[in-house]
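Chemist: If you scroll down you'll find the structure; I have some questions about it.
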Amino acid sequence: MKKFILLLLLLLPLKCLAISASSAIAMDLDTGRVLYGYNLNEERLIASTTKIMTAIIAIENGDLDKKVVVSDIIHEAFGSAIYIEVGEEITLRDLLYGLMLRSGNDAALVIAETISGSVDEFVYLMNDYASNLEMTHTKFFNPHGLEESNGNANKSSVLDMAKLTKYAMENSTFREIFQTKEHTVKTNYKTYVWHNKNKLLREDYITGGKTGFTELARRTLVSTGSKNNVNIVVVTLNDPNDWADHKELYNDIFKNYQSYKIINKKKFKVDNEEYYDDGELFVKNDFYMALTKKELKKVTLNINLMRLKNYNDDDIVGYAEVKLGKEIYHKEPIYIKKINKDKEENLTWWQKFRGWLFKW
C-alpha cells in the first residue's frame, strides 16, 4: 500500500503551493528568472490584463499631455467604462489612468485611435511589440481584452504576460500609473475620481497590478511586488481565488529568497589582467539577484574581455556575466579608463599604498 501511494505521488503533477489558477507564474523582475510556475506556455484568454500592453505602447508612442477630443468611437465600447462623452477633452495621460485604474474599455478605444489613427493599426502595433518581446504564445485582436463578436479574443500565456510586465515596469511613467490607488481628473465636461480596482494595493509590498474578467476568460490578474529588494511579478489566469493566491506566492517567495549583491561596482576588479595594463577596468552599476541560500553557492561571475588595440576612456571592453548553473542571467558592461602613468610615478609610496588599499 505504501508503494502504491508513493507511485501515485510521483505520477501526479506537483504544485508546492495550493494555487487554484489554471496557469501561474512568479518571475524575478530583475533577471527574468522564473521562480515558480506551471503551464507556463499554455495559451488562455487574458481579458483586461491586455491593457498592460495598451498602456506601455501609448506611453512610449504618444504625447501624454496632449488634449484628446473624444470621438464617437466610444459607442463601440461595452463592459467596464470610465463613461467619457463624445466631444469631451481629456489628456492622454488621464485616459491611461482611466484605462488602468478603472479598466475603461472606452478609454482603450480612444487611446488606440489617438496613437495609431485606428484600432486596427494599433492592434498591429500590439502584435509587433509582442513579437519583439518574444511573446511567442500571444495574439491580440483589440486593445481592451473583451471577446469579439466573431469569436476572436486576445490570448497569451503567463510567461508572456510576465515578460510584458517586466518590460513595462522598466518605464517610470508606467510604474507610477500601475501603482496609483486614486486619481482625480477634470475635463471640460466634468470631474472624475477614480479608485483602483486592484485590492492587492492594500498590501504594503504591492507595487502595481491589473485585474481582468470576462465570462469566458474568468478571473485574470497581474501584480508586482517588492520587499527587501526582491522584485517580483505574479501572473495567474483563470483563477477563482486570485487575491489569496497572489498573496501566498509573494509570502512564499519573500520567505525563501533574498537579494544578494553579485556585482559591487566599488570593489570590482579583474585579477591578473595584463592586456589592459595601461587602463583601469570598472563597471558602472551594482547588480543584485534574488536567490535562495543554496542557489547563492552556485552563482559564478565570468569575465569576458575583448582585446582592443585602440580605445578611449569609457569604451566598453567586455562583460561580466552572472551565471546560475549553466544559465546566464545578467551581462554587465565592463568599461575602461586610461591611467596617467606620469602622474602615478610622481606619487609617494604612501599615496600608492593608499590607492592600492582603497581598491579593496
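Chemist: Taking TYR97, is it over 30 Å from ASN41 (Cβ atoms) and among the aromatic types (Phe, Trp, Tyr)?
Modeler: In short, yes.
Chemist: Can you pull out the residues in the range 101-121 that are surrounded by fewer than 20 Cβ atoms within 10 Å (Cβ to Cβ) and among the polar types (S, T, N, Q)?
Modeler: Answer for the range 101-121, where residues must be surrounded by fewer than 20 Cβ atoms within 10 Å (Cβ to Cβ) and among the polar types (S, T, N, Q): just SER118.
Chemist: Does TYR205 qualify as being out of contact with any Cys (no Cβ under 7 Å at 6 or more places or on another chain), under 30 Å from PHE78 (Cβ atoms), aromatic (Phe, Trp, Tyr) and not assigned by TED's automatic domain parsing to the domain that holds MET289?
Modeler: no
Chemist: Still on this structure, please answer the following. When you scan the range 131-140, do you find a residue that is buried (at least 24 other Cβ atoms within 10 Å of the Cβ) and of a type outside the set (A, V, I, L, M, F, W, C), even just one?
Modeler: Within the range 131-140, one or more residues are buried (at least 24 other Cβ atoms within 10 Å of the Cβ) and of a type outside the set (A, V, I, L, M, F, W, C).
Chemist: Check whether at least one residue in the range 254-277 is closer than 22 Å to THR165 by Cβ and of a type in the set (A, V, I, L, M), and report yes or no.
Modeler: No: the range 254-277 contains no residue that is closer than 22 Å to THR165 by Cβ and of a type in the set (A, V, I, L, M).
For every residue, the table says whether it meets (1) in contact with an Asp or Glu (Cβ under 9 Å, 6 or more places away or on another chain); (2) buried (at least 18 other Cβ atoms within 10 Å of the Cβ); (3) of a type in the set (S, T, N, Q).
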{"residue": "GLU248", "(1), (2), (3)": "no, no, no"}
{"residue": "SER259", "(1), (2), (3)": "yes, no, yes"}
{"residue": "ILE262", "(1), (2), (3)": "yes, yes, no"}
{"residue": "TYR276", "(1), (2), (3)": "no, yes, no"}
{"residue": "GLU280", "(1), (2), (3)": "no, no, no"}
{"residue": "LYS298", "(1), (2), (3)": "no, no, no"}
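Chemist: Only residues that are surrounded by fewer than 21 Cβ atoms within 10 Å (Cβ to Cβ) and among the charged types (D, E, K, R): list them for the range 220-244, please.
Modeler: The answer is LYS227, and nothing else.
Chemist: Confirm whether ASN105 is assigned by TED's automatic domain parsing to the domain that holds THR165, on the phi > 0 side of the Ramachandran plot and at pLDDT 95 or above.
Modeler: So ASN105 does not fit the description; no.
Chemist: Right, another one. Condition first: surrounded by fewer than 16 Cβ atoms within 10 Å (Cβ to Cβ) and either of a type in the set (Ser, Thr, Tyr) or not assigned by TED's automatic domain parsing to the domain that holds GLY212 (or both). Can you find one or more residues in the range 77-89 that meet it?
Modeler: Yes, the range 77-89 has at least one match.
Chemist: State yes or no: is GLU176 under 30 Å from GLU88 (Cβ atoms) and surrounded by fewer than 17 Cβ atoms within 10 Å (Cβ to Cβ)?
Modeler: yes
Chemist: Could I ask something else about it? Name the strands (runs of 3 or more DSSP E) wholly inside the range 175-245 in which the number of residues that are without any contact (Cβ under 8 Å) to a residue 40 or more places away in the chain and of a type outside the set (Asp, Glu) is 1 or more.
Modeler: Fully inside the range 175-245 and qualifying: 182-186, 191-195, 206-214, 218-227.
Chemist: Among the listed residues LYS181, LYS155, LYS210, LYS166, which satisfies the condition of being under 18 Å from ARG102 (Cα atoms), in the same structural domain as VAL235 (by TED's automatic domain parsing) and surrounded by fewer than 20 Cβ atoms within 10 Å (Cβ to Cβ)?
Modeler: Matching residue, one of LYS181, LYS155, LYS210, LYS166: LYS181.
Chemist: Could you name every one of the strands (runs of 3 or more DSSP E) located completely within the range 246-326 that has at least 1 residues being in contact (Cβ under 8 Å) with a residue 60 or more places away in the chain and more than 30 Å from LEU201 (Cα to Cα)?
Modeler: 258-263, 279-282, 315-324
Chemist: Now a separate question. Among what's in the range 19-47 and is over 17 Å from the mean Cα position of the chain (by Cα) and of a type in the set (Gly, Ala, Ser), pick the residue that is surrounded by the most Cβ atoms within 10 Å (Cβ to Cβ).
Modeler: Per the stated criteria, the residue is ALA47.
The values are calculated or read from the model by the stated rules, or taken from the named source; none is laboratory data. None of the values given here were measured: they were computed from a predicted structure. Don't worry about glycine lacking a Cβ; one is built from the backbone with ideal geometry, like all the others, and counts go over all protein chains shown.
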